[in-house]
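Scroll down for the structure; my scribbles are underneath it.
The values are calculated or read from the model by the stated rules, or taken from the named source; none is laboratory data. Since the model is a prediction, treat every value here as computed from it, not as a measurement. Positions of Cβ are backbone-derived with ideal geometry, glycine not excepted, and every protein chain shown enters the neighbour counts.
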Amino acid sequence: MASVFKRKGRKAGKWLIAYADENGARRVVTGAASKTVSDQIAARLEGEVELRRRGIIDTRADRYAAAEKKPLVVKDGDGKVAGGHLADFHADILARKATKKHAGMVRSRALRVIELCKAERISDLTASAVQRAVGELRGEDETGLSLQSCNHHLRGIKQLTRWLWRDKRVREDALAHLSGFNVALDRRHTRRILSEDELAALISAADHGPVVWGMPGRDRSVLYCLAAGTGFRANECRSLTPESFKLSTQPAMVTVEAGYSKHRRRDEQPIRQDLADLLGPWLAEKPAGKPVFGLRDKPAKMLKVDLEAAGIPYRDVAGRVFDFHALRHQYISAVVRSGASVKVCQDLARHSDPKLTMNVYTHLGVHDRTAGLDALPDVTPRKPDREAARATGTDDATASPEARPATGGQRAAHAQRAGAPSCDSVRVPATIKAAVDEGRKPLRTKGKCGTAGGNEAHAPVAQLDRASVFGTEAASSQLPQTQADTESDRAARSACAAPSPKNGPEATDSDPELQRVIDAWPSLSPAVKAEILAKVEL
């Protein structure tokens, strides 16, 4: 039962109303100056509590209405954010162990979009209003922020509206469907990597250089070596203490605590032994529990000094820059170039998406790309085999002049150039001619079947001549089969007339003329071989 009352000693002023909400908690609200009106308000509050208890009124609607009444931004006298939903959002980021720099950057980007939208309440942050605000950042003539910077601001305001939805301050995220720009269309800060000689020159210049931005030359050279050997970001390098290094383990490890890692997880990064040997004596001089690097903000300015000392331009002729974060690109590109698997590259880069590792942080040169072609097969046509097929008439195309059968003086000239007998200078031995005339097998030292040769007739004349003198494979590929070539004939030829290792005539001691053909066969041109086969077929 609600009660209407005034505090003791106060006769003037408005009445107060006390009632129990749907959860049983006691609430006290201010009523009206008239007790009658205050009684009516109390009765209405009691009725709404009962409706909520019965589920007729959604309690979430009350919460959404209260969040809508709260302003987005409340500033103090110095113009700093002191209250509102944005201040609550900033406090939540810090509570999740984010760095003050990161939390402040997200808040400033979201604040800039809110001011461009002229939004005072949550309902003012519509998708169209935010899109117009980001367009203003871009500029009508595209002379404003880059597409990458516009995406950063869009991401900041989307983080705010998503947090409002997760904290149940709004019914839905009004900006969930907004997508960023294609940054490839407007890259103004493209990074590059250095060659091995350039990187060595940079480290040497830093090692022998003076104190720059409060860091001695030796510390800067070690910093560059560590960043290029681990891929650590600038903020991760700032967080390292002597206790972060475990150089006695195999492999040696460097640890980045979760509060300083970009993905908010504790990272243990393995390093090469030569880098561990470099770090050991240097760490011995550092005090325990203190950061080993006195690295300030914007380390690219410090790096520019050492680049100039090494004779390396900060921005090359293609407009690409080498800043401190480019050392991370240097490390990941070296890992990919080493031939490691995609999974290993992603793990060493500490990326959640392998596409980020391979597409953004990997820089490959022409030699790196051509090295991947060495394992590909040769897809060019095999010219010698094709020309030989043309010359013997087994290819529909016309043979080149060099591969066509020569006649007369051309054959003699070719024989003189090649140092091998021409077709005209090779006489068909009498034993071969006799075998053709009599249909008998010529004398051989030893056949495939183990006989010492003889006059047994195994097959028709055309088959016997080709198979026994020039080998089965040569005969079947160089000369056409006859109609009398039956299955039994081919089986007899395959069993008793095996081809020689050089795919030519088989050796014999019965005729020196035939032996001369056998010895010269590998060096003969396809045209000369075709002429000899034609003469034997006669």
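So here's what we get for this one:
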read-out	value
Options K118, K97, K101; residue that is in contact with a helix residue (DSSP H, G or I) (Cβ under 8 Å, 6 or more places away or on another chain), over 26 Å from E68 (Cα atoms) and not assigned by TED's automatic domain parsing to the domain that holds R266	K101
Single unsatisfied condition, K8 versus (1) part of a helix (DSSP H, G or I); (2) of a type in the set (D, E, K, R); (3) over 60 Å from the mean Cα position of the chain (by Cα)	(1)
Qualifying positions in segment 54-78 - in a loop (DSSP other than H, G, I, E, B) and within 46 Å of the chain's Cα centre (by Cα)	P71, L72, V73
Per-region count, segment 79-94, residues assigned to a helix (DSSP H, G or I) and of a type outside the set (F, W, Y)	10
Test result for L247, touching a residue at least 12 places away in the same chain (Cβ under 8 Å), more than 22 Å from K97 (Cα to Cα) and assigned by TED's automatic domain parsing to the domain that holds R350	yes
Of all residues in segment 255-269 being in contact (Cβ under 8 Å) with a residue 40 or more places away in the chain and over 12 Å from F232 (Cβ atoms), the one that is nearest to the chain's Cα centre (by Cα)	H263
Candidates D62, D58, D21, D39 - the one that is at pLDDT 90 or above and either assigned by TED's automatic domain parsing to the domain that holds I157 or more than 30 Å from L116 (Cβ to Cβ) (or both)	D39
Among (1) part of a helix (DSSP H, G or I); (2) closer than 26 Å to L185 by Cβ - the single one L111 does not satisfy	(2)
Any hit, segment 128-141, residues being surrounded by fewer than 18 Cβ atoms within 10 Å (Cβ to Cβ), hydroxyl-bearing (S, T, Y) and touching a helix residue (DSSP H, G or I) at 6+ places or on another chain (Cβ under 9 Å)	no
Some residue of segment 280-301 being within 29 Å of the chain's Cα centre (by Cα) and surrounded by 15 or more Cβ atoms within 10 Å (Cβ to Cβ)	yes
Residue match in segment 336-348 (condition: surrounded by 18 or more Cβ atoms within 10 Å (Cβ to Cβ) and either in contact with a strand residue (DSSP E or B) (Cβ under 7 Å, 6 or more places away or on another chain) or under 29 Å from G214 (Cα atoms) (or both))	no
Of residues in segment 232-261 being of a type in the set (A, V, I, L, M) and not in a helix (DSSP H, G or I), the one surrounded by the fewest Cβ atoms within 10 Å (Cβ to Cβ)	A258
Single match in A318, A227 (criterion: within 15 Å of R350 (Cβ to Cβ), of a type outside the set (D, E, K, R) and either assigned to a strand (DSSP E or B) or within 26 Å of the chain's Cα centre (by Cα) (or both))	A227
